[in-house]
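Each remark here refers to the structure printed beneath this line.
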Amino acid sequence: MTERIIPVADLRYLQAVPHIPELLTAPTGLLSDKLARPLRDLRISVTDRCNFRCVYCMPKEVFDKDYAFLPHGLLLSFEEITRITKIFVAHGVEKIRLTGGEPLLRKNIEKLIEMLAVITTPEGKPLDLTMTTNGSLLAKKAQSLKDAGLQRVTVSLDSLDEATFQRMNDVDVPVADVLHGIDVAHQVGLGPIKVNMVVKGGVNDQEIVPMAQHFKGSPVILRFIEYMDVGASNGWKMDEVIPSAEVVRRISESMPLQEVEANYTGETAERWRYVDGQGEIGVISSVTQAFCSDCNRARLSTEGKLFTCLFATGGHDLRALLRSEHSDAQISSAIAHLWSKREDRYSELRTKHTEGLERPVRKVEMSYIGG
Ligand code: SAM
Ligand code: SF4
Ligand code: SF4
């Protein structure tokens, strides 16, 4: 008998078709996982493509011209995304974030926003509908996004200095384009705008204070994100992480800060206000201070896999259910079953995962499951 060689599967294509319980239960909006965490926030990746090559997310050496991005037919359609969103909302999801890849590269994204903007919670409230973007196409798109029903945007910007910006993002887009995008988004009412800066030690940490100075006193809320070990291609090392406490310390030296209460349970950013009343910043300490105990976020990948943790090694193929004869009630029960079994808390366990292993654990890329 000839031996069959089974190729190592591309993680994106690993099949894990969710189990549909025999007994279908109606959603109550009160879904809870094994650690008593509800499901409130759904992040939807609408494309795995991007016009940037950030070194911490899609390094050029891996995401090069030969990289096999997903073909269009494998992507969830707008109708599929809308259908699954309604099912999630019945389970208690109140906040939808469109992400990617670069969400503004998905053709007719405004159409999807229109379809999602009319969904309401079981209590009749509109969803908190938002998007994370690299901002390069925002100036052009802001008005149509607003008209379609998008409420807010979060813009990623890692530096104001042209050379550092390029070193982080590996593209020729000028900083001014992103800043202009932020201005236009503000003018059309896509605020309050948050700006995310990923801090990578030795690359852009010298930009912490200039970024804080730039946005201090403006309507923009700047948030500093600790560089995370997402995916398997960014070559993450702990000594390149600048802890949030250090970010706050550096800013406070010239612009004193005081801590502010969280807006709501599960808020990822810790808030700090300028003592002189000139606004606030946020710090997202996903490495040094894990916030898994409140994590109410699920992620839907570009091709419709559900990930119950940003650091998961595999997803649950909801697209397979959407593209078969299953009813909404069946899909809803399958999601309830998955969430009730969830016990992810990767960041809390990170040290165990990153130390003492010869190779890092293979995880899915952020551009695919969405940030
Ligand atoms: N392309 C859009 C953008 O950059 O805003 C949306 C997708 S991006 C994956 C979402 C967020 O994840 C961005 O704010 C990005 O800076 C952040 N991100 C990506 N890789 C990261 C990493 N290794 N550590 C921390 N944040 C990361
Ligand atoms: Fe693209 Fe956003 Fe990833 Fe940068 S962080 S490569 S802009 S998806
Ligand atoms: Fe949530 Fe996983 Fe991040 Fe913990 S590591 S906060 S469970 S996504």
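Only aspartates and glutamates eight or more places from Lys60 in sequence, or on another chain, were considered; those with a Cα closer than 16 Å are Asp48, Glu102, Asp170, Asp172, Glu365.
Computed over protein heavy atoms with a 1.4 angstrom probe, the accessible surface ordering of Lys34, Lys146, largest first, is Lys34, Lys146.
Placing Leu24, Leu129, Leu137 in order of accessible area, with the largest value first and a 1.4 Å probe, yields Leu24, Leu137, Leu129.
Give the carbon-plus-sulfur fraction of the accessible surface of the chain in %, rounded to a whole number; probe 1.4 Å, heavy atoms of protein chains only.
Looking at the chain in its full context, I get 53 percent from C and S.
Please give the helix 244-254 orientation as an angle from the longest Cα principal axis of the chain, in degrees from 0 to 90, rounded to the nearest 10. So the helix axis and the longest Cα principal axis differ by about 20 degrees.
Rounded to the nearest 10 degrees, the angle from helix 328-341 to the longest Cα principal axis of the chain is 60 degrees.
Think of each Lys and Arg Cβ as +1 and each Asp and Glu Cβ as -1; about the Cα centre, that makes the dipole of region 9-369 roughly 640 debye. In order along region 65-82, the Karplus-derived 3J(HN,Hα) couplings, from 6.51 cos²θ - 1.76 cosθ + 1.60 at θ = phi - 60°, round to 5, 8, 5, 8, 6, 5, x, 4, x, 8, 6, 5, 7, 4, 5, 5, 4, 5 Hz, and Gly and Pro are given as x. Counting only protein chain heavy atoms and rolling a 1.4 Å probe, the accessible areas of Trp339, Trp236 rank, largest first, as Trp236, Trp339. Axis angle, to the nearest 10 degrees, between helix 175-188 and the longest C-alpha principal axis of the chain: 70 degrees. For the chain, the antiparallel share of DSSP beta bridges with both residues in that region comes to about 30%. Among DSSP beta bridges lying fully in region 70-187, give the percent that are antiparallel, nearest 5. Roughly 10 percent of the beta bridges in region 70-187 run antiparallel, per DSSP.
With contacts taken as Cα pairs under 8 Å and at least 6 residues apart, the chain reaches a relative contact order of 24 percent.
Put simply, the amide H of Ile242, placed in the peptide plane, has neighbours under 5 Å in Gly201, Tyr227, leaving out anything fewer than 5 places away on its chain. Take the Cα of Leu23, step 7 Å toward its Cβ, do the same at Ala163, and the gap between the two points is 6.7 nm.
The values are calculated or read from the model by the stated rules, or taken from the named source; none is laboratory data. None of these values were measured; they are calculated from a predicted model. Using ideal geometry, Cβ is built from the backbone for each residue, glycine included, and neighbour counts are taken over all protein chains shown. Side chains included, ligands, DNA and RNA excluded: accessible areas come from the protein's heavy atoms. Shrake-Rupley method; radii C 1.70, N 1.55, O 1.52, S 1.80 Å.
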